[in-house]
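Worksheet for the structure shown next.
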Amino acid sequence: QQGHRSGVYKQKNKVHKHGKHRTKGEIERENKGRVSVTALTKKQRKEQKKIDRRNKANQLRRNKKDMVLMAKRRLGGRDGPPHLVAVVSLHAAADASAVTKMLRRETVGGIVHQEQCVSGLSDSFGLILPRFKQRFTFLHQDTADMHSLLDMAKIADSLLFVLDTTEAWDIYGDHCLSCLFAQGLPSHALVCLGVSDLPVKKRVEARRALSKIAEVRFPDTRLFPLDSDQDATLLLRHLGSQKQRKLGFRSRRSHLLAQRVTFTPNSHSEGSGGGPSGLGTLCVSGYVRGRPLRVDRLVHISGHGDFQLSQIDAPSDPLPLNLTTSRSTKPGKGGDVDMQVSAQDGGEDEAPVRILMKADPSARESLQAEAEVDPMEGEQTWPTESELLEAEEARKNKRVMKVPKGTSDYQATWIVDEDEDEEVNEESSEEEDDEVMDDAMDEGDEDICSQEPGSGQSCSTERAGADQRYDEHVDEAAEEEGLRRYREARANEMFPDEVDTPIDAAARIRFQRYRGLKSFRTSPWDPMENLPQNYSRIFQFQNFERTRRRILAEAAAEEEGAMVGWYVTLHIIDVPSSVMDSVQAGRPLTLVSLLPHEQKMSVMHVLVRRHPSNTEPIKSKEELVFHCGFRRFRASPIFSQHTTADKHKMERFLRPDAPTVVSVYAPITFSPAGVLLFKQRSDGIQDLVATGSLLSCDPQRVVLKRIVLSGHPFKINRRSAVVRYMFFNRDDILWFKPVELKTKWGRRGHIKEALGTHGHMKCVFDNQLRSQDTVLMNLYKRVYPRWTYDPYVPLPLTWVKKEGTVELDDLEME
């Protein structure tokens, strides 16, 4: 039977209007005559069915899981580098060497294949576990050398902390943990010795108490006792199978721990002078970690500087997982050079070493860190039409000056008025001494006097002897310097940025580099205006964030060079002999391959927070020791507020209650990277003062120093008032007349006129002024860091907690 079909008279009802539609008129008014494109410019997204979308999600999940499992199995396996484990003792009573002795026993199941496998460290060995099909490299790192401890933590795959059975860690161990956590802690495990020596009834209670102490620093880390071979086997299984923590600053760069180091001085014919202070070629052997290592990239040796590579060799693997046949290194992409054979330096009877690749001098990264400065290259641009018109108007309105009879117009332009000459000379001299005067004004003219008890007071002989012995260890100069710093910090806290106007000098000369701003947030400030000479030595990116993403993406897709897990020998040229002296002194040698542009100098900004253990005031432009990624250097930074505006206020001291941006001249480093700031005492001990991370690289970041000139209302008549003590002569008042005035109670005003010649001025405000109020004038100038970059950092002494720190609230202000 044929079905019914609707005809042309079928009733069609309107669709329900749910209130979210737009009428045709509204659409036409919004489009404003614009017509939609006829053809799509982008590729249309193909719609997939539900089962296809589910299969795609499963494939992505499976691929990601396979990648994680492959990276986990490669570490310590046949195709990856050995699992590097650093044993660190956190207590003076905890014996880390006993842990290494326990792990190298034959009854544990491992085979010690190589003793002293790390150059410079005697207590290091290679361990092969045939049962787990893994290989390890264990080394005992002494915590007394903080630099070596931090360098080893940057390279190690796992850290094995040895705790005391009663206290877990001491004061110095807690200091080491603070530095390691701030830098970035890799995978770790906790071990305690001597639990089996306790009575049976107290073992469980002792382990519970120790676990409770360890939860403060390691809330999710298991505590392993190490008193038997079974405990050692369980610990090795845990180290080989635990999840690896990813550290961003090392996973994006190729790095290497030196296991064998040789040094060959350059010949005299090369002009290097192969003496003890001369240069030479350093051959470093080790396993490539992180990313593939390219021969045309620069390498940075921690604590020594940046160097170039000449070639990469492929010696035999000293720690093969299969002891019968060593793993053969796959040839690289070096062309015909891969087939060349050379004898390995050192004189040992080993198999010939194949050269993987040689550096091409034309394609190799340059060691140039600073831009070339041409003192004769100034701004010689042709003036624009507006500038020519301004010059013509200035010529017409120029001041008439008397000249000798017969002088031409050209000769008259070279005749300088005496007043103008004096003004120019004063301005140039003041610009040179401005920084010194700022520091002197900040320091103040306080006289510190020490009060001693009167001689009339009677005391016992024993008490006097004890006081005398105590005073022998007190440095009076250091005490006076510390007291002066605390008073400056307290004064800056109570009266921020306030300075006194000089009485014997003109304020318009003293503060000639300062200017007033209508609004600190919205008033413009040209970042390219009056740049210092040091800015001609640095490099700048057009868009640093875009360059960073591009370089990190290229590094992640890198597939050329020595692959991860290969045992290679790097030939580093023009290395000073001090590097070899450091290795012979027992310090480990770590290398990292630099990304492009990371050897060039620029203005780096670091976001830090003050460490709670430090209570001493840290002044701006004070020399600090930086640990930034793999680098270590000394510099004098400036501090500023962390805001999203285009101008940032300078901080005179490092604030303890807020994050602070530290700006410094330093080599470019692409984030992420942890940063540690140390301050060196007079006795050589370095204290941790702040921790943080890299923020950006931006030379155009405007940091403004503020000074506040204060005055006192002398006579008040409703909205107008006579203010004194802000200036002391009439010319200064007329000079600063355009600058806006503020008060501590929120009033705003301006200078109307000067009264007399002694600095009194009539001011008008937006509301009634109170007699107890203070009139303020804010002035600003742009500041820059000091160029004091020094890559050499002296070795610190063993850290000791500083006693007798003075709190700011305990000081009496004079």
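Paramagnetic label reach from Phe520 (point 7 Å along Cα→Cβ; backbone nitrogen cut-off under 15 Å): within the stretch 747-788, residues 776-783. Quick one: if the Förster radius is 56 Å, what FRET efficiency do Ser696 and Arg29 give, using the C-beta to C-beta distance and rounding to 0.05? For Ser696 and Arg29, the calculated efficiency is 0.80. Above 27 Å, the calculated P(r) of the stretch 672-813 contains 53 percent of its Cα-Cα pairs.
For the stretch 742-792, applying the loop criterion from DSSP together with a ceiling of 15 other beta carbons within 10 Å to the trypsin sites (Lys or Arg not before Pro) yields Lys744, Arg770.
Once both labels are positioned 7 Å from their Cα atoms along Cα-to-Cβ, the gap between Lys14 and Trp787 label points is 7.7 nm. Label point of Ala645 set 7 angstrom out along Cα-Cβ; within the stretch 504-521, amide nitrogens under 12 Å from it belong to 517-521. With both labels modelled 7 Å from their Cα along Cα-to-Cβ, the Ile51 to Lys752 distance reads 8.9 nm. More than 22 angstrom separation, counting every C-alpha pair in the stretch 72-241; what % is that? Roughly 41 percent, once rounded to a whole number. Give the lysines whose C-alpha is closer than 29 Å to that of Lys212, dropping any in the same chain fewer than 8 places away, or say none. Straight-line reach from Lys212, under 29 Å: Lys101, Lys154, Lys201, Lys202, Lys243, Lys246, Lys801, Lys802. Note on Lys762: lysines with a C-alpha under 27 Å away, same-chain residues under 8 apart excluded, are Lys518, Lys715, Lys737, Lys742, Lys744, Lys752, Lys781. Label point 7 Å out from Arg73 along Cα-to-Cβ: which residues of the stretch 127-157 have amide N under 12 Å? From the stretch 127-157, the list is empty. Taking 7 Å steps out from each Cα toward its Cβ at Lys101 and Ala209 produces label points 2.6 nm apart. Overall, the accessible surface of the stretch 72-241 at a probe of 1.4 angstrom is composed of carbon and sulfur to the extent of 49 percent.
The residue list Gln141, Gly80, Phe224 was ranked by how far each Cα lies along the charge dipole of the stretch 72-241 toward its positive end, using unit charges on Cβ atoms, and Gly80 comes out on top. Descending by average beta-carbon neighbour count within 10 Å, the peptides 253-263, 307-317 line up as 253-263, 307-317, the highest first.
Peptide packing: for 682-689, 642-649, the average count of neighbouring Cβ atoms within 10 Å per residue gives the ranking 682-689, 642-649, highest mean first. For the stretch 90-168, build the charge dipole from Cβ charges (+1 Lys, Arg; -1 Asp, Glu) around the Cα centre, then report which of Phe132, Thr107, Ala168 sits farthest towards its positive end. Result: Phe132, furthest along the dipole toward the positive end.
Between Lys801 and Leu198, full extension at 0.36 nm per residue minus the direct alpha carbon distance yields a gain of 213.9 nm.
Counted residue by residue at 0.36 nm each, then reduced by the alpha carbon distance between them, the extension gain from Asp731 to Val216 reaches 179.0 nm. Using only side-chain charges placed at the Cβ, +1 for Lys and Arg and -1 for Asp and Glu, the dipole size of the stretch 72-241 relative to its Cα centre rounds to 900 debye.
From most to least packed by mean Cβ count within 10 Å, the peptides 534-543, 625-634 give 625-634, 534-543.
The values are calculated or read from the model by the stated rules, or taken from the named source; none is laboratory data. Remember, predicted model here, so these are calculated numbers, not experimental data. All Cβ positions, glycine included, derive from the backbone under ideal geometry; neighbour counts span all protein chains shown. Note: accessible area is taken over every heavy atom of the protein model, side chains too, but ligands, DNA and RNA are not part of it. Shrake-Rupley method; radii C 1.70, N 1.55, O 1.52, S 1.80 Å.
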